[in-house]
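Laboratory data are not the source of any read-out in this text; all were calculated from the coordinates shown. What you are looking at is a predicted structure, and each value in this text was computed from that prediction instead of being measured. For neighbour counting, all protein chains shown are included, and Cβ atoms are generated from backbone atoms with ideal geometry for every residue, glycine included.
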Amino acid sequence: MGEREADGAAMTITVVGANHTTAPIELRERVHVDAESAAEVVSRLVGWDGIEECVILSTCNRTELYLHVSDVLSGERAALETLAARAGLTTSDAESFIYRHHGYETVVHLFRVAASLDSLVLGEAEILGQIGDAYEAGLQMPEGVGPVLHRLFQSGLAVGGAVRSETKLGCGAASIPSAAVRLAIKVFGSLEGRTAVVLGAGDMGETTLRCLLVEGASDVLVANRTPERAAETVARVGGRAVSMDEFWRSLSSADVLVTSTAATSPVITKRELAGARGATASPLVVLDIALPRDVESAVGELPSVFLYNIDDLQKVVGATHEARAAEVSSAEELIADHARRFWRWYRAREAAPVIRGLRAHAEAIRREEVERLLAGLDGLGDGDRRRIEASMRRMLNKLLHPSTVAVRRAALDPGGLSFLEGLRNALGLAPVPPDDAVPPDEAVAPGGVPAPEDGHGVAAETREEREAGNR
Amino acid sequence: MSAGGLALDGPDAAAMILALHLLALGLYAAAWVLQLREFRQGRESGHGGVRITAGGFVAHGAALALFTLTYRSLPLIGLGPASSSLALVMVLFVLAASIHADLRPAGLFLLPPVLLLVGQAVLVGVGPTAGQLAFRGPWFVLHVTAAFLGYAGLAAASAAAIMYVLQFRALKRKEFGSVFRFFPPLDSLDRLNKVGLAVGFPALTVGLLAGWSWTLTFGRGLALEDPQTILGMVTWGVYLIAIIARLRPGPHGERAAAISAAAFVVTVTAFLALRLLAGEPDFFL
């Protein structure tokens, strides 16, 4: 449904960007637009001829420039040059890692990004917040968000929320630390009020420690062969650093044990753990995320001890990915539905100035003819004059009604832009700046949902037009 | 006969009671099929099953309220009304458990007995029995109501126990399939088991004592040869063992769950055996 005019001179929405599938991390780092420089980049882009609105979405996995343009070729060239300059490349070199979408494809792209279908980790939740931040930042810039990108991003946020609530795309654990926490939750229901012990202050241990704290574990102890390292981790993330002696003592009351040391042989054996647990009957979840393993596999034979190693956690992650992949088609349906609605609104919006021009043109002729007619008729009373005026207005409205409907339909038709442009040229209408656009509410059917493209109705027939048709 | 303000006569009210039962049966079946599908797909349980169950509960409750208004008697006597009333109390447990999102999947195990009970009620008919008038009085109502609450509580405890055993094994064996994903966490199941026993066992005890008191009002003693008495005593006994298993020191989770699950099997087996031996087909036993 996406269209691109040969000369590029048509109002449309476009996105130009680079993401984790098209650009290596070194390039993504260079094109990244941080919060401080975003205003300057937006200001420069909107100052470019043909760009009306701009929002920058820049995360660790993508940098995308969303533009509402009156000249798509000019707008895309500006965006490409901006990204290429940031990457320190020529535009032709930058072409290989930069993608662009136009019109309806842009809408679908943003909605897929918001739904996390375009993310490195399918179904991750962070992207929705990042889109919200990008939109908010755009609102703070006077040149950034106008009526079109406002509605586009609002719709994108709504789609992202709908996909998360109406599908299971965001369910399950998608990383090793989150899988570890999920396993613990499958035993305890919640980690609130639970005691967790982390042995080893490496990267994976630290990430798991963060997850445990986020899930509300009330007492998280961190032990390391080098106590200073444990203290550093605790200072950075949270929890409580303990000595190795305290570590062994704490096992009697621990609910979760995470091990991630660099030891080359098991540091926790069945005998040692059984001794440390003593008569404790409550369950203990042991999450061994080290390689080589830190915990002897026989530990899993202890009653009420649930032992999982890195392979087990990988299985949980794999199962999550499979389950999420099964939800993609449902998410795509939701996205397509919302994208169609947005696109109908957008196209109907494009028709409004043409209809207004058509009506203004016809109204000028009507007024001229009525004045000429009345000037030649002497002796008419005020009542007669009003009746003639009303009759001519009704006639004009009836004549214009089919044309108005045709323009609305043309706006909804993928190939209708050229018709609208032709009509605009015939009426001598200039391209309409965004500020002159009709408000969104005028362009949608009651209930906020555009009327279906079924030939029985038009998407944005105003009350005046409907009455004109009935008169 | 007028049903309160509803102004339905006997045949109309009977037809309405049957229609509402059929509606409830359909909704319970739909809720169960939905949960079964979620389980097979390894999805976490959604709100859909609970909402449909709640719809069934409303229709079911309306049917029994209409029965009470029409026949001026609580639906506690006769195989049809008693089965239906017990099923309603069990659905109440399903809905109460579902307030805790973790425990929504409990319906997977609690709805099948509900379906059997409502289906049985529909098949035999939900109408008054010939001896309806003989079974009145506060002792009798307390006896049956408490016994139903007891059976429903123990059914909830048993459902939780069966799910606990299956989830425990999945976690121990590192099987991350449908059971792991769909079933609630062990701690939640353990709590449901505890609540089911805490509600069900005292209620059943009260029910048995009230039943004994009720027989005394006729000048009779405890009829140990009565199948209903036998079932009550067997159920009371096996769940007493389940409670003792929970209270014993040491790792109790799996052991208590296994005993609760076994208790349920014993109770159902005893019910079926006694039902076959019972001479009066119109009675609950």
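The table below lists the values:
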| quantity | calculated |
| --- | --- |
| Members of A:LYS270/B:LYS174; A:LYS315/B:LYS194; A:LYS315/B:LYS172; A:LYS270/B:LYS172 lying beyond 24 Å, as alpha-carbon distances in this model show | A:LYS315/B:LYS194 |
| Check: chain A dipole with +1 on Lys, Arg Cβ and -1 on Asp, Glu Cβ, in debye | 1000 |
| Top positive-direction residue, dipole computed over segment A:73-182 with Cβ charges, set A:ALA134, A:GLY123, A:ALA179 | A:ALA179 |
| Ranked A:ILE13, A:ILE365, A:ILE289, B:ILE243, criterion: other C-beta atoms within 10 Å, fewest first | A:ILE365, B:ILE243, A:ILE289, A:ILE13 |
| For segment A:202-322, convex hull of alpha carbons as volume per residue, Å³ | 111 |
| Of all DSSP beta bridges in the protein assembly as shown, antiparallel share, percent nearest 5 | 50 |
| Vicinal HN-Hα couplings computed from phi for segment A:93-100 (Karplus, 6.51 cos²θ - 1.76 cosθ + 1.60; Hz; Gly/Pro x) | 5, 5, 3, 5, 10, 10, 10, 8 |
| Positive-pole candidate from B:GLY211, B:LEU197, B:LEU224, dipole of segment B:137-285, charges at beta carbon | B:LEU197 |
| For chain A: relative contact order, % (alpha-carbon pairs under 8 angstrom, 6 or more apart) | 12 |
| Within 10 Å of each Cβ in A:189-195, the average number of Cβ atoms from other chains | 2 |
| Dipole-positive endmost among B:HIS21, B:TRP32, B:VAL118 within segment B:1-134 (Cβ charges, Cα centre) | B:TRP32 |
| Simple Cβ-charge dipole of segment B:1-134, Lys/Arg +1 and Asp/Glu -1, about Cα centre, in debye nearest 20 | 220 |
| Bins of 5 Å from zero: percent of alpha-carbon pairs in segment A:12-167 | 2, 10, 21, 24, 23, 14, 5, 1, 0 |
| Calculated from backbone phi, Karplus (6.51, -1.76, 1.60) coupling profile of segment A:248-253 in Hz, x at Gly/Pro | 5, 5, 5, 5, 5, 10 |
| Peptide ranges A:184-194, B:145-155, B:264-274 listed from the most packed, as the mean C-beta count within 10 angstrom indicates | B:145-155, A:184-194, B:264-274 |
| Cα centroid separation, segment A:152-225 to segment A:89-144 (Å) | 26 |
| Amide H contacts of A:LEU307 (H built 1.01 Å from N, under 5 Å, at least 5 apart or other chain) | A:VAL286 |
| Net length gained if the chain between B:ALA62 and B:LEU277 were fully extended (0.36 nm per residue, minus Cα distance) | 74.1 nm |
| Mean projected area (nm²) of the alpha-carbon convex hull when the protein assembly as shown is viewed from all directions | 47.1 |
| Rule-of-thumb Rg ratio for segment B:58-122 [Cα; 2.2 N^0.38 Å; N residues] | 1.18 |
| Distant-in-sequence amide H partners of A:SER58 (H built 1.01 Å from N, under 5 Å) | A:GLU64 |
| Under Karplus coefficients 6.51, -1.76 and 1.60, residue-wise ³J(HN,Hα) of segment B:148-156 in Hz, glycine/proline x | 5, 4, x, 4, 5, x, 5, 5, 5 |
| Residues with amide H under 5 Å from that of A:ALA241, placed H, sequence gap 5 or more | A:VAL222 |
| Footprinting exposure proxy for A:GLU322, A:GLU215 (fewest neighbouring C-beta atoms within 10 Å first) | A:GLU322, A:GLU215 |
| Segment B:1-134: Rg to Rh, with Rh as the Kirkwood radius over Cα pairs | 1.03 |
| Per-residue average of Cβ from other chains inside 10 Å of A:298-304 | 3 |
